[in-house]
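Read-outs throughout are calculated quantities, based only on the coordinates presented, and are distinct from any laboratory measurement. Treat the numbers as computed from the prediction; the structure is a model and nothing was measured. Ideal geometry is used to build each Cβ from the backbone, glycine not excepted, and the neighbour counts take in all protein chains shown.
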There are 2 protein chains.
Amino acid sequence: MVGSQGRPAVVLVSGGLDSATTLAIARAESYACHALSFDYSQRHRRELDAAAAVAKAGGAASHRIVRLDLSAEAGFGRSALTDRTPVPKDRRRRPGIPPTYVPARNTIFLSIALGYAEILGAWDIFIGANVIDYSGYPDCRPEFLQAFEELANLATAAAVEGCGRFTIHAPLIGLTKAQIIQRGLSLGVDYSLTHSCYDPSDDGLACGRCDSCRLRLGGFAAAGATDPLRYHHQP
Amino acid sequence: MVGSQGRPAVVLVSGGLDSATTLAIARAESYACHALSFDYSQRHRRELDAAAAVAKAGGAASHRIVRLDLSAEAGFGRSALTDRTPVPKDRRRRPGIPPTYVPARNTIFLSIALGYAEILGAWDIFIGANVIDYSGYPDCRPEFLQAFEELANLATAAAVEGCGRFTIHAPLIGLTKAQIIQRGLSLGVDYSLTHSCYDPSDDGLACGRCDSCRLRLGGFAAAGATDPLRYHHQP
């Protein structure tokens, strides 16, 4: 059901499990959700198809894809998600930041979401960041999100002119992957539409072996639920 | 002279007077300056030609233009610089934020500069923001820049892994327009290459009447110098 009633919010929707759940939570809180996705030269464009399907099924009031070239050819790259750096497989959790980190990605995405929110007259931005079962990215941590919220309220005409205050919502921040999935299932999220794999095969199947697949599969197992996705390497 | 020696820095170069001066200051401090400009659907593409000329004349080690669609058609807009909102003319300074404000522009530009700096291994980002003779944008103020610097050091793998600390340099922040021009002239900046006008005529001449032209012309007059640009409306 499309929800264009309610206070407007911008929801970052990557097409993954976390952002699908975040959208469902924002809708359950009666926001009119304006979904925002990024075509940032990621290797796997299935993400954007998944984002469109997630936004539609999740009742977003609108969905926009912002194009931004962060490819190696444009001078960016330096991530297994945007260039040919190999995606690590079958690894156990370990300290440190993995090669799938994209420099300043969430800072860039939140900045554009902030501009979009200001244009829409929205004061609420939702992001599916979490720090329990996650890949170790610095720009998913609560201290980062808190700093961004402070910045947002200094950066914009809307905030400086005193009309209101921006809030960065990260409703998954303290949840395990199993808790995220349980929450999403309780809200009717269709996880078959989502895409999590960092390295899908040419036929579009999730690999089952990258960090993202492992976190997802572990989450479904711990939640006592079945992942509706098909995997190339079925564990 | 191209300066590819020295510590690398990212310098935001719009093609305007302030960023040309900022580049000259960064070069004088012996940074190898990687100039970054944005094709953000601004109405006046002459800015990008000016940016390229300024980067070249200013000895940048490299110059990149990042494309990012912030047009009204893409759901953004809402600024006299990116849509058809009229550019104010002949107005005196007054409180409040003018219609040439682009929502979250400097947050977005600095975020992308941050990702680029991390990729280059640079810890220094230069921006030509100033708050004395300026247009009243919230994202030029020192408290905004300070908040962005704090964010940068929470957002990135480089900073979190403890290799260093990002610094946002705004060497013009406390200077009047006249002081900026005097500084630039002393460093050999060729202001004939720069573009400041918010509303140039079809033949490419600066209007002489928008806020940006008025600040510029006032600055040259106060500096006792001659602006090498030609104006449609010569004051």
Q) Taking Cα atoms, how many degrees apart are the long axis of helix A:105-120 and the longest axis of chain A, rounded to 10 and kept between 0 and 90? A) 40 degrees
Q. Gain in length, A:I97 to A:A74, computed as 0.36 nm per residue apart minus the alpha-carbon separation, to one decimal in nm?
A. 5.9 nm
Q. Karplus couplings for the stretch B:122-136 from phi (6.51 cos²θ - 1.76 cosθ + 1.60, θ = phi - 60°), rounded to Hz, Gly and Pro as x?
A. 9, 10, 10, 10, 10, 9, x, 4, 8, 10, 9, 9, 9, 8, x
Q: Provide the per-residue ³J(HN,Hα) series for the stretch A:62-70, in order, calculated from phi with Karplus coefficients 6.51, -1.76, 1.60 and θ = phi - 60°, each as a whole number of Hz, with x at glycine and proline positions.
A: 7, 9, 10, 10, 8, 8, 8, 7, 10
Q. Quick one: label points 7 angstrom along Cα→Cβ at A:A221, distances to the other copies in nm, smallest first?
A. 7.5
Q | Overall dimensions of chain B as given by Cα atoms, namely Rg and Dmax in Å | A | 17.0, 55
Q. By Cβ position, which chain A residue lies least far from the axis that rotates chain A onto chain B, and what is the distance to the nearest whole angstrom?
A. A:S111, 2
Q: Would you pull out the residues with amide H under 5 Å of B:A72's amide H, same chain only if 5 or more places away, H placed 1.01 Å from N?
A: B:G77
Q: Would you mind pulling out the separation of the Cα centroids of the stretch A:34-52 and the stretch A:128-192, in Å?
A: 18 Å
Q | For B:H233, distant residues with modelled amide H under 5 Å away | A | B:G208
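Can you bin the stretch A:112-180 into rounded, prolate or oblate? Criterion: square roots of the alpha carbon gyration tensor eigenvalues sorted a ≥ b ≥ c, rounded for a/c under 1.5, prolate for a/b above b/c, oblate for the rest.
It comes out prolate by the Cα gyration axes.
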Q. If you line up the long axis of helix B:17-28 against the longest principal axis of chain B, both from Cα atoms, how many degrees apart are they, to the nearest 10?
A. 40 degrees
Q | Ascending list, in nanometres, of distances separating the A:K56 label from those of the other copies (7 Å, Cα toward Cβ) | A | 4.7
**Q.** Inter-copy spacing of B:G174 label points, which lie 7 Å from Cα along Cα→Cβ, given in nm from shortest upward
**A.** 4.3
Q) lysines near B:K177 by alpha-carbon distance under 25 Å, same-chain residues fewer than 8 away left out - which ones? A) B:K56, B:K89
Q: Taking only Cα atoms and a 10 Å spring cutoff, compute GNM fluctuations for chain A and point out the largest among A:I25, A:I119, A:I132.
A: A:I119
Q. Rounded to two decimals, what ratio of Rg to Rh does the protein assembly as shown give with C-alpha atoms and a Kirkwood Rh?
A. 1.00
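Hey, any idea what Rg/Rh is for the stretch A:19-58, computing Rh the Kirkwood way over Cα pairs?
Numbers: Rg = 11.0 Å, Rh = 10.8 Å.
Across the stretch A:19-58, the Cα-based Rg/Rh ratio is 1.02.
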Q.
What do you get for trypsin sites (Lys or Arg not before Pro) in the stretch A:145-211 restricted to DSSP loop and a cutoff of at most 15 other Cβ within 10 Å of the site's Cβ?
A. A:R165
Q) Is any residue of the stretch A:209-235 close enough, with backbone N under 12 Å, to a label point placed 7 angstrom from the Cα of A:D190 along the Cα-Cβ axis, and if so, which? A) none
Q) So what's the angle, to the nearest 10 degrees on a 0 to 90 scale, between helix B:177-186 and the longest Cα principal axis of chain B? A) 70 degrees
Q. Which far-off residues, 5 or more places away or on another chain, put their amide H under 5 Å from the one on B:A32, with H placed in the peptide plane?
A. B:R7, B:A9
Q) Per the Cauchy relation, a quarter of the hull surface: what is the mean projected area of the convex hull of the alpha carbons in the stretch A:138-235, in nm²? A) 8.4 nm²
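So what is the 222 nm mean residue ellipticity for the protein assembly as shown from helices alone, if each DSSP H run of at least 4 adds -39500 (n - 2.57) and you divide by all residues, rounding to the nearest 500 deg cm²/dmol?
That comes out to -10500 deg cm²/dmol.
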Q | Backbone HN-Hα couplings from phi across the stretch A:167-175 [Karplus 6.51/-1.76/1.60, Hz, Gly and Pro as x] | A | 10, 9, 9, 10, x, 9, 3, x, 8
Q.
Please report the antiparallel percentage of the DSSP beta bridges confined to the stretch B:8-223, to the nearest 5.
A. 5 percent
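Does the stretch B:115-155 come out rounded, prolate or oblate, given a ≥ b ≥ c as the square roots of the eigenvalues of its C-alpha gyration tensor, rounded meaning a/c under 1.5 and, failing that, prolate meaning a/b above b/c? Please list the in-between numbers first.
On the way: a/c = 3.38, a/b = 1.93, b/c = 1.75.
Prolate is the answer for the stretch B:115-155, as a/c is 1.5 or above and a/b outweighs b/c.
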